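**Q** A single structure is presented below for examination.
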Amino acid sequence: MATALIADDEDLQRGDLRRLLAQVWPELEIVAECEDGDEALAAIAAYRPDVAFLDIRMPGSSGLDVARASEGRCRVVFTTAYDAHAVEAFGVGAQDYLLKPIALDRLTQTVARLRQQLAAGAAMPDLLRMMGEMDRQLRVSAQAERIRWISTNSGNTIKIFPIEEVLFFESDSRYTRVVSATDEGLVRTPIKQLQQGLDPGQFWQIHRGTLVAVRAIARARRDEAGAITVELRDHTEQLKVSQTYAWRFKSDVYVG
């Protein structure tokens, strides 16, 4: 019996996909439903599903991050609200994408291909190549909506941070710190919302609540337990890297 995982931060979207799958693939066993990327990664490691249906935009680790970190463990189908033309431009197999709202006939086609591949034991697609192209397309499509500056309030003082001066963003449950080399402030904008307005090639997510400017990274150090810490060029604070984003530092990780 084939098994699958559904990851989406919206309950209604997860429920809709589950009901549609029950219609077109009744023997499929849904082994886990996850609300965010970190939960999806843990579930993939625990259940080893044949297929993971991943929303591209989720809190913490995105669907792209989950797919990268779990490459080779299961087949991935992205669910996305992006424009159909943009998705087609990614140049990958159609079975890898479902556009929201998900149409029953489109899902039927995807399921047919997945079942055929699983039955034949077909090789996994090249996810890293596919997602590299996807990242490029997302950067192009979002270019006009980039954040250029951030304003923060502190009492009667309004601070302005040009985005090119920001070293990192760090969020807790209420606020997000905006940190430059010489100052910092607080905003109520969550990391997920900020991330949508930042160039993913310039700001890397390295933890559930942390985005760091790539230009600000001096080095990454890995301790004896394998935990990675980022050191910055113009700031003494060190930033922890979660296991989900450790793939960013697979090369040139300094031990010490």
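**Q** Being in a strand (DSSP E or B) and either aliphatic (A, V, I, L, M) or modelled with pLDDT of 95 or more (or both) is the filter here; which residues of region 211-225 pass it?
**A** Those that are in a strand (DSSP E or B) and either aliphatic (A, V, I, L, M) or modelled with pLDDT of 95 or more (or both): Leu211, Val212, Ala213, Ile217, Ala218, Ala220.
**Q** Taking the stated definitions as given, is Arg188 surrounded by fewer than 13 Cβ atoms within 10 Å (Cβ to Cβ) and under 30 Å from Gly155 (Cβ atoms)?
**A** yes
**Q** At least 3 residues that are more than 28 Å from Trp204 (Cα to Cα) and modelled with pLDDT of 95 or more in each: list the helices (runs of 4 or more DSSP H) lying fully within region 1-106 that qualify.
**A** Answer list for region 1-106: 11-24.
**Q** Okay, next question. Between a first residue in region 145-171 that is over 18 Å from Lys192 (Cα atoms) and a second residue that is surrounded by 19 or more Cβ atoms within 10 Å (Cβ to Cβ) and of a type in the set (Ser, Thr, Tyr), which pairs have beta carbons less than 8 Å apart while being 6 or more apart in sequence or on different chains?
**A** Ile158/Thr152; Lys159/Thr152; Phe161/Thr152; Phe161/Ser180; Glu165/Ser180
Yes/no matrix, rows are residues, columns are (1) outside any strand (DSSP E or B); (2) at pLDDT below 80; (3) within 18 Å of the chain's Cα centre (by Cα):
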residue	(1), (2), (3)
Pro125	yes, yes, no
Leu128	yes, yes, yes
Glu133	yes, yes, yes
Arg139	yes, yes, yes
Ala144	yes, yes, no
Thr152	no, no, no
Lys159	no, no, no
Val178	no, no, no
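**Q** Kindly list, by first and then second residue, each pair from a residue in region 1-18 that is more than 12 Å from Val31 (Cβ to Cβ) to a residue that is exposed (fewer than 15 other Cβ atoms within 10 Å of the Cβ), limited to pairs with Cβ atoms under 9 Å and residues at least 6 apart or on different chains.
**A** Sorted first by the residue in region 1-18, then by its partner, the pairs are Gln13/Pro101; Asp16/Pro101.
**Q** Can you tell me which residue in region 226-248 is nearest to Asp38 (Cα to Cα), limited to those that are part of a loop (DSSP other than H, G, I, E, B) and not hydrophobic (A, V, I, L, M, F, W, C)?
**A** Ser242
**Q** Here is a list: Asp55, Asp38, Asp50. Which entry is touching a residue at least 12 places away in the same chain (Cβ under 8 Å) and out of contact with any strand residue (DSSP E or B) (no Cβ under 8 Å at 6 or more places or on another chain)?
**A** Asp38
**Q** Please state which of the following conditions Ala42 fails to meet, knowing it meets all the rest: (1) among the hydrophobic types (A, V, I, L, M, F, W, C); (2) crowded, with 16+ Cβ neighbours inside 10 Å; (3) over 13 Å from the mean Cα position of the chain (by Cα).
**A** Among (1) among the hydrophobic types (A, V, I, L, M, F, W, C); (2) crowded, with 16+ Cβ neighbours inside 10 Å; (3) over 13 Å from the mean Cα position of the chain (by Cα), the lone unmet condition for Ala42 is (2).
**Q** Which of the residues spanning region 181-198 are in contact with a helix residue (DSSP H, G or I) (Cβ under 8 Å, 6 or more places away or on another chain) and either farther than 16 Å from Arg148 by Cα or at pLDDT 95 or above (or both)?
**A** Within region 181-198, just Ala181 meets the criteria.
The values are calculated or read from the model by the stated rules, or taken from the named source; none is laboratory data. Computed from a prediction, not measured in an experiment: that's the story for all the values here. All Cβ positions, glycine included, derive from the backbone under ideal geometry; neighbour counts span all protein chains shown.
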